1. Given the options S33, S8, S60, S66, name the one that is hydroxyl-bearing (S, T, Y), farther than 18 Å from T88 by Cα and loosely packed, with under 11 Cβ neighbours inside 10 Å.
2. Filter the range 229-245 down to the residues that are part of a loop (DSSP other than H, G, I, E, B) and closer than 17 Å to V280 by Cβ and list them by number.
3. Restricting attention to the range 379-395, and to residues there that are in contact with an Asp or Glu (Cβ under 7 Å, 6 or more places away or on another chain) and either touching a residue at least 60 places away in the same chain (Cβ under 8 Å) or outside any helix (DSSP H, G or I) (or both), which single residue is nearest to Q191 (Cα to Cα)?
4. Would you check if there is a residue in the range 135-144 being over 27 Å from L38 (Cβ atoms) and at pLDDT 95 or above?
5. For K293, all conditions in the list (1) surrounded by fewer than 16 Cβ atoms within 10 Å (Cβ to Cβ); (2) within 22 Å of G107 (Cα to Cα); (3) touching a helix residue (DSSP H, G or I) at 6+ places or on another chain (Cβ under 9 Å) hold save one; what is the number of the exception?
6. Checking L171 against (1) on the phi > 0 side of the Ramachandran plot; (2) part of a helix (DSSP H, G or I), which single condition isn't satisfied?
7. Can you name the residue in the range 50-78 that is assigned to a helix (DSSP H, G or I) and more than 18 Å from S384 (Cβ to Cβ) and, of all such residues, is farthest from the chain's Cα centre (by Cα)?
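The values are calculated or read from the model by the stated rules, or taken from the named source; none is laboratory data. Nothing here was measured: the structure is a model prediction, and the numbers come from that model. As a convention, Cβ positions derive from the backbone with ideal geometry for all residues, glycine included, and neighbour counts pool all protein chains shown.
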Amino acid sequence: MKRLFQFSWNKFLALGFLIELSLLYYTFSNFTSPSILLYIIIYSVFFLLFLFTVQMVKKSEGKNISMFGREFSLVQLIVLFGLLFRLTLVPTAPTTSDDYYRYLWEGKILLNGVNPYEKNPADSSLNFLHGKDLPAKVTFKTMAAIYPPAAQLIFAAAYFISGESPVGLKLIYLLCEFVTLLFLLKLFRLQKENEHQIIFYAWLPLPIMEFFVNAHLDAAAVMFFVMFLYYAMKENLIGSSLSFAFSFLIKLYPVFILPLLLKKFWFKKAILFYSLFLIVVVAFYVPFLPNNKPLTDSIFKYLSHWEFNGSIYNFLNMFLHNGQTARLICTACLVAAVAVISLRYKNFLYAVYAVLLAMIIFTPTFYPWYMGWISAVNPFVPFSSLMSLLFTTNFSNFTPMGKVWQEYTWVLLLEYTPFFVLLGYDLYKLKFKKLNSERK
C-alpha cells in the first residue's frame, strides 16, 4: 500500500492527464445533451482521482521536473493543472442549476439602465429586452434581484462579454480563481505551511465543477474572501476590510465572520475595520436603492422560505413538523455557535473554518456550491469530515433529476451520516492534539 501512494512524476502526470481526459469527455458530451447523471458520475470519478493524488503528493520530496525546455516545481504543476481543469469546462452548459439565467438577465437590464432591485423579470415594461432564453428561463420571476451590487456589476460585465452565454461569467471566474490560488500560496508562505497543500483547493472537484460547469457566482466572492484572510493574517486593516467588503458585496454569505474580527483586531482597530466596511457597502448600495420597495424584500423572502438539503434543519423539521420553528432553532444555534467561537478562539483561520462549518451544519438551505467558501480554508484545516461532505454533497444533485423537485431521505443519510461521525472524530483528534501540546 505504501508503494501505491509513493510519489513519482510519472504517476502524478498520469493522474493529472487522466482527470483532464475525464473533463474533456464531459465537455464534449455536454455539447449534445447536458446530463445530470453524467455530471454526478464525472464528479465522483474526479474526486476519487483527486484523493489518490492528494495522498501521493503528501509523500513528495519537492523535486523539480524538466518539461518543454524548462524546470517546473510540483506547486507550479499543481496550479497549472488546476487552471487547465477549469479552462476545459468553460464551454460547458450549466447542468444541475439554472441560476446563471438570472445572473445574465440582471446584467442585461443593468446595462440597459434598469435597476434590477426595482423591477422583477415578470415586469411587462421590460418586454422590449426579452430574448431567446431571457427572462423565459429565469426562475421566481416575480422576485427582484437578491444578489448585492458588486455581483450586479459582474453580471453586467459577463453579459457585455458574451450575451446570453455563460462563457463571459466563466472567463471572469477563471481570472478570479487564478488570483485565489495566488493568494492561497501567499497565505501558505505567511503561515509557513507546506505549499503542496494548494492541491486541496486547486484540484478539488467542487469549486471546479460548480464554478465552471454551473457558473456559480461564489468564485468571485471567494477570491476576495481569500484576500481578506491573507490581509487579516498580516494585520493589514485596510486591505482586509476592503477585501471583506467586496466579498460581502458579491454574496452576503461571510456576514457571520464579522464577530471574529473584534478579537482579531481588538476594539479600536475592529471599529476602524467595521467603519471602512460599512462605508464601502453603503457607497455601493446607495445608487441601487429602489423607489417602490424595500431593498431587502427578496433577501428576506429567501431567508424565511427557502429550504434544501439542510442537515439539522431537516432532522428538526421531521420531528416538529414545523419549518419555521426548525428555522428559528437553527438560527439560534448558529448565533450561539458564532458567539462562542468569537469569544474563545486562539487561531483565526481555525475560527473562520469553525464558523463556516457551523453555517453548513445549521443552515436550512445548503446547495453544493455553498461549500466553495470553506473549500478555500480547508487546505489549512483538512478535516476528514469536510472531505467526506465535499464528496457526498454531489448526490444532492439527484433532486433536480426527478419530474418534480423532491429531496430523498437516502441522499440526506448518505451525505450527513459519515459527515457527523467523522466530525466527532476530527474534533476528538483536535482536542487530543491540544492536550498533548499543553503537556509539553
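1. Numbers: S33 fails: farther than 18 Å from T88 by Cα; S8 fails: loosely packed, with under 11 Cβ neighbours inside 10 Å; S60 fails: loosely packed, with under 11 Cβ neighbours inside 10 Å.
Going through S33, S8, S60, S66 in turn, the sole match is S66.
2. First pass over the range 229-245, keeping only residues part of a loop (DSSP other than H, G, I, E, B): 234-236.
Correct list: N236 only.
3. Filtering the range 379-395 for residues in contact with an Asp or Glu (Cβ under 7 Å, 6 or more places away or on another chain) gives 380, 383-385, 389, 392-393, 395.
Retained after the next criterion (residues that are either touching a residue at least 60 places away in the same chain (Cβ under 8 Å) or outside any helix (DSSP H, G or I) (or both)): 380, 383, 393, 395.
Numbers: F380: 9, F383: 18, T393: 30, F395: 35 Å.
Going through the qualifying residues, I end up with F380.
4. yes
5. It fails just one condition, (3).
6. (1)
7. Initially, the range 50-78 is screened for residues assigned to a helix (DSSP H, G or I), giving 50-57, 74-78.
Next, only the ones that are more than 18 Å from S384 (Cβ to Cβ) stay: 74-78.
On the way: L74: 25, V75: 22, Q76: 23, L77: 23, I78: 20 Å.
Within the range 50-78, the match that is farthest from the chain's Cα centre (by Cα) is L74.
Okay, residues lined up against (1) without any contact (Cβ under 8 Å) to a residue 60 or more places away in the chain; (2) acidic (D, E):
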| site | (1), (2) |
| --- | --- |
| L38 | yes, no |
| K58 | no, no |
| E61 | yes, yes |
| G69 | yes, no |
| F72 | yes, no |
| V75 | no, no |
| R86 | no, no |
